[in-house]
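For reference, the structure is listed below as structure tokens.
Quick note: the coordinates plus some simple rules give every number you see, no bench work behind them. Keep in mind that this is a model prediction, so the values were computed, not measured. Neighbour counts are summed over all protein chains in view; Cβ atoms, including those assigned to glycine, are modelled from backbone coordinates with ideal geometry.
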Amino acid sequence: MKKALAISGTFAAFALPLVSLAAINDVSDLGKTIIDTINNVLVPVLFAVAFIVFLWGAFQTFILGANSEEVKEKGKNLMLYGLIGFFVMVSLWGLVNILTGTVDFGGAKGPSDVPDAGVRIGG
């Protein structure tokens, strides 16, 4: 019973944003919505998780591991995993932002949308 409740709660949590997706008109809007969701929701949550893992590793290394080498080693490994997670996420986030700028999913304006400076030549 608990497992079914957990699964249905998880499904509901993931399905809730789909209600707002009803206003999507074309594929470009869908791409922009997906990229915005990743950049504004998923990435900050993953950064928070990596930061918590790093802090927990530091806590284990310097506080709990004062007398135990085994606990210190676990803490050092967690800190290392947190730093590797940060590096991978920053790298992938940069690649996603390059992709959105190149493919124009992120709402980047093209040359025709550059504001006119008001300078007219020849007339």
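Here are some notes:
- If a spin label sat at a point 7 angstrom from the Cα of residue 86 along the line to its beta carbon, the backbone N atoms of the range 37-80 nearer than 13 Å would be those of 47-58, 79-80.
- The range 25-104 pair-distance distribution - Cα-Cα, 5 Å bins, rounded %: 3, 15, 18, 16, 12, 10, 9, 7, 5, 3, 2, 1, 0
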